[in-house]
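S.K.: I am attaching a structure below and will ask some questions about it afterwards.
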Amino acid sequence: MKMKRCAAVHDISCIGKCSLTVALPVLSAMGIEVASVPTAVLSTHTAGFKGYTFHDLSEELPKITKHWKKENLSLDAIYTGYLGSAEQLDFVASMIDDFKTDDLCVVIDPVMADHGEFYKGFDAAFAQKMAKLCSKADVIIPNLTEAAFLLGDEYDEGYDREKIEDILVRLAALGPKKVVLTGISYDLPSLGCVVYDSETEEFGEFFTEKLPLAIHGTGDVYASVFTGAYINGASLIDAAALACNFTCECIKATMDDIKNHWYSVKFEKCLHLLTNLEY
Ligand code: PXL
């Protein structure tokens with residue numbers, strides 16, 4: 001069977017295990033060829049380390065894709081995560097146009113916020129521009145905070161099924177065909193995701209046990225596993241469920257050493273769960 005090629009457009013945080021340093025091993029373990037598009041190089045991620053370096057690679061990005069086009073290199077999928085500036089949103093929009101085919105699958109994880117707050121360097125103007133970019137996606141994977149900011153809503157911790165379904169429908173109205181909303185917990189012992197397919201108008205949900213820890217990097221682990229499974233042919237809900245289960249295993253593999261390993265999950269210990277899967 002032909003191997004799928006997926007461009008992963010994310011930063012490289014040299015220490016911190018998020019973005020490209022998660023997407024690359026996860027997608028590779030799932031049998032997908034990764035075309036890496038590093039948007040920036042940071043010494044560490046920005047959530048908890050102090051004094052990190054940040055080298056923006058915006059100027060390099062169009063040169064990379066121009067060369068690919070010249071060499072007639074094609075893509076089966078484009079998967080974007082942390083984008084270091086509003087300018088990079090324009091780059092991704094034109095990259096999607098440049099590599100568009102009937103079969104191109106575009107997955108956008110609108111990384112910019114969590115727990116009701118923007119990550120450092122992001123604001124409402126970025127969120128508005130990200131919402132525009134999301135119109136070009138087949139699937140978007142926001143958490144609840146990112147969903148609120150994409151919609152221009154106030155972040156509100158309280159919700160029920162009706163409110164979540166309303167959020168999903170409004171997110172799909174931005175333009176993406178499918179939406180995976182992560183970090184949903186209707187009752188205390190469970191945590192998971194709710195999905196919506198605007199073409200069939202169907203909702204789905206999947207939950208795993210809620211572990212007593214929120215660890216950085218789990219959003220990128222989730223989105224990478226979802227993307228790998230979806231590109232490999234899994235249904236929306238099956239890909240979302242696999243990502244939930246895998247993320248849960250990664251947290252379990254990290255819990256006993258969280259003092260040392262506070263900055264991300266030990267996803268490496270779980271990669272074997274992703275190889276040789278049937279979709
Ligand atoms: O996990 C998202 C992410 C990716 N890349 C960088 C980050 C973050 C979240 O803080 O700082 C550099």
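S.K.: List the residues, sorted by chain then number, that are 5 or more residues from A113 or on another chain and whose placed amide H is less than 5 Å from its amide H.
M.R.: Amide H neighbours of A113, under 5 Å, 5+ apart: Y119.
S.K.: With each label point set 7 Å from Cα along the Cα-Cβ vector, what nm distance links E154 and D97?
M.R.: Simple spin-label model gives 3.8 nm for this pair.
S.K.: Pull out the extension gain between A86 and K66, defined as 0.36 nm times the separation in residues minus the alpha carbon to alpha carbon distance; nm, one decimal.
M.R.: On the way: separation 20, 0.36 × 20 = 7.20 nm, distance 2.03 nm.
So the chain would gain 5.2 nm between A86 and K66.
S.K.: Please list 182-190, 165-173 highest first by mean number of surrounding beta-carbon atoms within 10 Å per residue.
M.R.: Values: 182-190: 14.6, 165-173: 17.1.
My ranking of the peptides, most packed first, is 165-173, 182-190.
S.K.: Can you compute the FRET efficiency between I258 and D166 using 1/(1 + (r/R0)^6), with r the Cβ-Cβ distance and R0 = 30 Å? Round to the nearest 0.05.
M.R.: Details: r = 36 Å, r/R0 = 1.18.
It comes to 0.25.
S.K.: Enumerate the amide H contacts of E205 below 5 Å, restricted to partners 5 or more residues apart or on another chain; note that Pro and chain-start residues carry no placed amide H.
M.R.: V195
S.K.: Now for a different question. Keeping the other protein chains in place, figure out the carbon and sulfur percent of the accessible area of the chain, with a 1.4 Å probe.
M.R.: Numbers: 6680 of 12950 Å².
Summing carbon and sulfur atoms, their accessible area is 52 percent of the total for the chain.
S.K.: Would you calculate a helix-derived [θ] at 222 nm for the chain, using -39,500 (n - 2.57) for each DSSP H run of n ≥ 4 and dividing by the full residue count, to the nearest 500? It would help to have the intermediate numbers written out before the result.
M.R.: Working: 8 runs with 97 residues, N = 279.
Theoretical 222 nm ellipticity from helices: -11000 deg cm²/dmol.
S.K.: Still on this model: Beta carbons within 10 angstrom, averaged per residue: use that to sort the peptides 243-256, 60-73, highest first.
M.R.: Details: 243-256: 20.4, 60-73: 12.9.
The densest-packed peptide leads the list: 243-256, 60-73.
S.K.: Run the count for region 74-221, please: Lys pairs, Cα-Cα under 14 angstrom, 8 or more apart or on different chains. Show your work: numbers first, answer last.
M.R.: Numbers: K100/K136; K132/K177; K136/K177; K136/K178.
The number of close lysine pairs in region 74-221 is 4.
S.K.: Next question. Where Rh denotes the Kirkwood radius from the mean inverse Cα pair distance, what is Rg over Rh for the chain?
M.R.: On the way: Rg = 17.4 Å, Rh = 18.7 Å.
When Rh is taken as the Kirkwood radius, the ratio is 0.93.
S.K.: Can you work out ³J(HN,Hα) from phi for every residue in region 65-74, in order, using Karplus 6.51 cos²θ - 1.76 cosθ + 1.60 and θ = phi - 60°, giving whole Hz and x for Gly and Pro?
M.R.: With coefficients 6.51, -1.76 and 1.60, one gets 6, 4, 5, 4, 5, 4, 8, 6, 7, 10 Hz.
S.K.: Residue-wise, which Karplus ³J(HN,Hα) couplings in Hz belong to region 31-38, taking 6.51 cos²θ - 1.76 cosθ + 1.60, θ = phi - 60°, and x for glycine or proline?
M.R.: Karplus values, whole Hz, x for Gly and Pro: x, 10, 7, 9, 9, 7, 10, x.
S.K.: A further question on this structure: So for each of 47-57, 15-25, 193-203, 119-129 I average, over its residues, the number of other beta carbons within 10 Å; can you give me the resulting order with the highest mean first?
M.R.: Numbers: 47-57: 12.7, 15-25: 22.9, 193-203: 16.8, 119-129: 14.4.
Per-residue Cβ counts within 10 Å, averaged per peptide and sorted highest first, yield 15-25, 193-203, 119-129, 47-57.
S.K.: Which semi-axis lengths, in whole Å and largest first, follow from the square roots of five times the eigenvalues of the Cα gyration tensor of region 189-231? Write down the numbers at each step before the final one.
M.R.: Values: eigenvalues 98, 49, 10 Å².
Each semi-axis is √(5λ); the values are 22, 16, 7 Å.
S.K.: Still on this structure, I have one more. At 1.4 Å probe size, with every protein chain present, just tell me what the per residue accessible area of region 5-273 comes to in Å². Working shown, then result.
M.R.: Details: 11860 Å² over 269 residues.
Result: 44 Å² per residue.
S.K.: When only Cα pairs under 8 Å and 6 or more residues apart are kept, what is the percent relative contact order across the chain? Write out the running numbers ahead of the final one.
M.R.: Details: 521 pairs, mean separation 47.5, N = 279.
Normalised by residue count, the contact order of the chain is 17 percent.
The values are calculated or read from the model by the stated rules, or taken from the named source; none is laboratory data. Nothing here was measured: the structure is a model prediction, and the numbers come from that model. When we count neighbours, we look across all protein chains shown, and the Cβ atoms used for this are built from the backbone with ideal geometry, even at glycine. The protein model used for the area step is the full one, side chains on, heavy atoms only, and it has no ligands, DNA or RNA in it. Shrake-Rupley method; radii C 1.70, N 1.55, O 1.52, S 1.80 Å.
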